[in-house]
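Below is one structure, written out as structure tokens; the observations come after it.
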Amino acid sequence: MPATVEDRENLSLVRLEGAIDIASAAELKSVLVSVLASKKEIRLTLEGITELDITALQLLYAAERDASKAGFPFLLTGSVSNEISAAVTDAGLVKLLIQQ
Amino acid sequence: MSNANIIDKHRQAYQEEAREVLVELESSLLELNERPDDGELVGRVFRSMHTIKGSGAMFGFDEVASFTHHLETAFDEVREGRLTVTSKLVDLSLEAVDLIKRMLDEPDGASGAENTIADGILVRLRELTGITDNKLSETPPSSTPPQLSSKEGQIQDWMIRFAPGPDLMRNGTNPLLLLRELRQLGDARVTANMTAIPPLSELDPECCYVSWEIQLTTTECREAIRDVFMFVEDCCELTVDLIAVESPSPVELTTKAFEEQRRNPGRREHDKPDSASSIRVPAAKLDQFVNLVGELVTVQARLVEIAAGRDDPEVLEVSEEIERLTTALRENSMSIRMLPIRATFERFRRLVHDLARDLHKNVELTIEGADTELDKTVIDQLNDPLMHLIRNSMDHGIESPEARVAAGKPPTATIHLSARHSGANVLIGVTDDGRGIDADAVRARAVQNGLVAAEVQLTEAEVFSFILMPGFSTAKQVTDVSGRGVGMDVVNQRVEALRGRIDIASKFGSGTRVTLRLPLTMAIIDGLLVRVGQDFFVLPLANTLECIELTRQDIEKANGNHVAHIRGEMIPYIRLRDFFDIDTNRPEREQIMIAETEDGRYGFVVDEVLGDHQTVIKSLGRLYRQVQFVSGATILGNGTVALILDPHRLVQEVIRGSVRSPRGHPNSTAAASCGKEGLFSKSP
């Protein structure tokens with residue numbers, strides 16, 4: 001799961017690529033923890049992601065909730081592939097995307 | 001579907017998927033051997049092992065799961081940085097991969113012999129890694145398939161509460177797939193409960209915190225719903241409660257079913273387009289489908305002919321529409337069978353690795369064009385020929401590291417596998433930078449074997465073609481790997497059976513390149529239908545450049561030479577009437593079809609060009625196997641048979657002068673035996 005984080009003045013841009021599953025969940029967590037620590041608006045693009053499983057979805061959910069509690073926005077951006085859309089629908093987590 | 005059937009279906013799916021994962025695992029291990037510090041690769045290896053283990057436990061392959069668990073533990077240590085990757089660890093893991101493959105093939109799980117091998121591998125793994133018995137013997141949880149009983153009934157609403165245990169995902173289960181399976185039973189409204197998800201900092205990324213409530217409207221019974229969770233019941237909380245029963249009268253039920261059918265003709269609930277992005281189809285079904293399309297193409301050709309014979313615009317319109325649809329269907333069906341050659345190529349990494357170790361040579365395998373697509377039937381039959389070629393290369397072509405250094409070459413040799421499209425063909429190359437082939441030695445052996453007279457002049461390509469003959473080997477020493485002279489002729493036979501051919505190019509001292517030229521597809525080609533007298537032939541459209549008229553004046557202008565002057569270019573031609581000794585009068589105006597062959601542009605003179613023709617290739621059988629300029633036959637709409645010609649072979653046969661008229665026509669024989677100049681010099 002290649003991840004790039006671009007730090008701007010008031011903004012962290014996170015780009016993830018490939019399949020994010022249980023094998024890369026720990027890596028995703030550490031990326032999210034480090035961007036949350038910067039206490040800036042976070043924009044995470046879903047565009048390069050080919051696969052998401054529950055571990056990834058719950059990490060994104062937790063990050064979004066933590067950011068919102070701390071008072072800065074956490075936005076999921078970019079177009080979503082059919083696979084991701086199916087995964088989110090099957091998991092009953094469409095609200096995760098809609099809230100954005 | 002009975003309990004046993006369901007389990008069998010899942011086991012079969014697991015076996016198929018596990019074999020695919022093993023191919024990937026093998027490839028990753030070989031790459032890891034080259035780059036032992038690559039963390040991404042270690043992750044890939046770990047993930048593959050994790051998948052095999054997790055799903056193995058789910059589907060009752062307990063030996064596979066337990067054995068793989070030990071390997072996974074070792075690679076977990078690597079992932080954590082407590083163990084380094086060595087070539088010994090990679091070799092042992094590859095041995096383990098082989099064993100898992102064999103375990104998967106056993107219908108009733110691993111046999112005693114396999115368990116003994118497994119124990120041996122694990123002992124060596126302990127020695128190599130120093131991981132304690134305790135750690136290695138922590139076996140993964142296995143699941144016990146529950147008893148099933150299922151019957152369909154009335155429409156009911158169910159409330160399913162599914163809370164995965166914390167380790168469910170760690171065991172290789174993906175809850176999304178279970179939810180997806182549940183949706184196939186009926187109308188499901190899934191609500192995720194996220195309240196148990198802790199703050200990010202406290203969250204264990206591999207633990208499942210989400211639970212679900214699913215309201216399912218279905219005609220399936222409780223057992224069928226529980227079946228979805230049959231392999232995970234031990235590690236989750238599951239309740240299935242009936243909340244409402246809709247009991248429609250038989251009339252209502254029929255109406256409802258009718259309404260459903262009307263809304264979704266030919267579609268059932270679980271056929272929703274987004275339920276899966278791809279499906280697995282047995283290859284035999286696909287072959288049957290392509291065969292049927294082939295038959296349809298033949299019948300459609302008949303319809304075109306009938307329509308053309310009647311002055312009925314309506315019939316003509318329908319015929320044209322069916323032609324358009326058939327073409328689309330044909331292209332579609334052929335594209336379904338096209339597969340990238342990657343998997344075949346990647347499989348040879350292991351062969352090269354093992355042979356390099358056994359032969360004490362350093363060899364790197366490079367791959368180019370792995371995404372090139374080929375018909376599945378061609379790919380299926382490519383494995384053995386390519387394996388022979390690589391074995392030959394490793395054994396005879398590539399020198400020992402010392403010899404390479406002495407010859408001024410890098411100690412590590414390269415074998416390059418490549419694939420690319422060229423017109424209607426695919427070129428598969430196996431190139432090495434080894435010692436090359438000694439053309440003089442090959443020639444001397446050919447003379448010694450009586451294959452050619454000592455005084456005959458031969459081109460290098462002709463000399464190398466002896467290598468493809470049965471029993472021909474110049475190897476001084478027979479080894480386990482190759483050198484018995486049974487390899488290359490088998491390769492040649494296989495490639496010819498695929499309507500392909502082999503070219504060998506080599507520079508003594510520098511290396512060898514073997515190119516397999518194969519047709520893209522085995523079943524249907526686009527051709528140009530031509531007539532000579534009462535006989536019909538098909539020439540592949542991909543080779544054809546243009547058709548022009550050939551008049552008697554043109555022939556006279558060329559002083560009777562078989563050469564056409566086309567826009568300043570002199571193009572030699574072959575008159576099919578003479579070649580096949582067709583004994584009818586030559587028309588005043590003939591047609592010459594110009595085709596691109598590997599020996600340049602050539603013309604093929606026919607009486608009439610009838611137009612393009614989708615050609616279903618039928619094999620001609622054993623009797624005609626030696627007739628290489630005919631690649632097959634096709635049945636025309638009116639039931640007559642047309643031979644499909646291979647322009648390149650035809651030209652080659654004529655140039656080599658080895659062709660004899662099928663009916664012994666004296667002119668063809670005499671002309672052919674004179675070679676190219678002889679044939680093309682005078683018109684009969």
(request) Name every residue in the range B:169-192 that is over 17 Å from B:Asp241 (Cα atoms), facing chain A (nearest Cβ under 9 Å) and of a type outside the set (Gly, Ala, Ser), in order of residue number. (result) B:Met169, B:Arg170, B:Asn174, B:Pro175, B:Leu176, B:Leu177, B:Arg180
(message) I'd like the full set of residues that are without any contact (Cβ under 8 Å) to a residue 24 or more places away in the chain and within 14 Å of chain A (Cβ to nearest Cβ), limited to the range B:11-38.
(response) B:Ser28, B:Asp38
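Go through the range B:103-113 and give me each residue that's modelled with pLDDT under 80 and surrounded by fewer than 19 Cβ atoms within 10 Å (Cβ to Cβ). Don't jump to the end; show me each part of the working.
So the first thing to find is which residues in the range B:103-113 are modelled with pLDDT under 80, and the list is B:106-113.
B:Glu106, B:Pro107, B:Asp108, B:Gly109, B:Ser111, B:Gly112, B:Ala113, listed by residue number.
In this structure, is A:Leu76 within 10 Å of the chain's Cα centre (by Cα), away from chain B (no Cβ under 11 Å) and either under 22 Å from B:Trp212 (Cβ atoms) or in contact (Cβ under 8 Å) with a residue 60 or more places away in the chain (or both)? I'd like the intermediate steps shown before the answer.
Details: within 10 Å of the chain's Cα centre (by Cα): yes; away from chain B (no Cβ under 11 Å): yes; either under 22 Å from B:Trp212 (Cβ atoms) or in contact (Cβ under 8 Å) with a residue 60 or more places away in the chain (or both): yes.
Answer is yes for this residue.
For the range A:79-95, name all the residues that are assigned to a helix (DSSP H, G or I) and more than 7 Å from chain B (Cβ to nearest Cβ). Walk me through it before giving the result.
Within the range A:79-95, the subset assigned to a helix (DSSP H, G or I) is A:82-90, A:94-95.
Across the range A:79-95, the qualifying residues are A:Ile84, A:Ser85, A:Val88, A:Thr89, A:Val94, A:Lys95.
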(message) Taking the conditions exactly as written (part of a loop (DSSP other than H, G, I, E, B) and either more than 11 Å from chain A (Cβ to nearest Cβ) or at pLDDT below 85 (or both)), does B:Glu206 satisfy them or not?
(response) no
(request) State the number of residues belonging to the range B:440-488 that are among the polar types (S, T, N, Q) and modelled with pLDDT of 80 or more. (result) 5
(message) Tell me the residue from B:Thr219, B:Thr129 that is crowded, with 19+ Cβ neighbours inside 10 Å and either at pLDDT below 85 or over 24 Å from B:Thr68 (Cβ atoms) (or both), please.
(response) B:Thr129
(request) Residues being touching a helix residue (DSSP H, G or I) at 6+ places or on another chain (Cβ under 6 Å), surrounded by 21 or more Cβ atoms within 10 Å (Cβ to Cβ) and either closer than 18 Å to B:Glu31 by Cβ or at pLDDT 90 or above (or both): count how many of those fall in the range B:366-393. (result) 1
(request) Exactly one condition in (1) within 30 Å of B:Leu176 (Cα to Cα); (2) touching a Gly at 6+ places or on another chain (Cβ under 7 Å); (3) at pLDDT 85 or above is not met by B:Val304; state its number. (result) (1)
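Pick from the range B:339-363 the residues that are in a strand (DSSP E or B) and touching a helix residue (DSSP H, G or I) at 6+ places or on another chain (Cβ under 8 Å): which of them is surrounded by the fewest Cβ atoms within 10 Å (Cβ to Cβ)? Working first, answer last.
Just the residues of the range B:339-363 that are in a strand (DSSP E or B), to begin with: B:339-340, B:363.
From what's left, touching a helix residue (DSSP H, G or I) at 6+ places or on another chain (Cβ under 8 Å): B:339, B:363.
Numbers: B:Leu339: 16, B:Val363: 23.
Applying the filter and picking the extreme gives B:Leu339.
The values are calculated or read from the model by the stated rules, or taken from the named source; none is laboratory data. Keep in mind the model is a prediction, meaning the values are calculated, not measured. Positions of Cβ are generated from backbone atoms using ideal geometry, with glycine treated the same way; all protein chains shown enter the neighbour counts.
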